[in-house]
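Take a look at the structure below.
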Amino acid sequence: MTKPADLPPPFRAADYVAAPSDPADERIEVGVLIVGAGPAGLACAIRLGQLLEDAPKIRERLGEVPVAVLAALAHHDEAPPPHPHRAPPR
């Protein structure tokens with residue numbers, strides 16, 4: 001059976017992930033970051049919540065952040081801002 005670890009990406013993450021630039025007192029430490037509030041981001045947040053129901057130790061270690069992310073995505077009912085390079089819909 002093939003596992004993700006058997007197929008590492010063809011680059012080093014350190015080459016693309018920059019060090020934090022905000023002052024330490026302004027940073028928000030998170031255990032999981034879901035970028036995007038579209039269908040995939042919402043599905044990811046819901047699945048994470050489901051998985052954490054069965055993993056109390058991990059849930060405790062992550063704290064309340066995943067719950068807050070899930071709630072924010074589930075109640076996101078505003079239209080996204082217009083794309084800067086596209087004409088607004090007619």
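See the values below:
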{"quantity": "Helices (runs of 4 or more DSSP H) wholly inside the range 27-84 that include at least 2 residues being modelled with pLDDT of 75 or more", "calculated": "39-53, 56-62"}
{"quantity": "Conditions (1) loosely packed, with under 10 Cβ neighbours inside 10 Å; (2) over 14 Å from LEU62 (Cα atoms): number failed by LEU33", "calculated": "(2)"}
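The values are calculated or read from the model by the stated rules, or taken from the named source; none is laboratory data. For clarity, every value in this text was computed on a predicted model and none was experimentally measured. Note: ideal-geometry Cβ built from the backbone for every residue, glycine included; neighbour counts use all protein chains shown.
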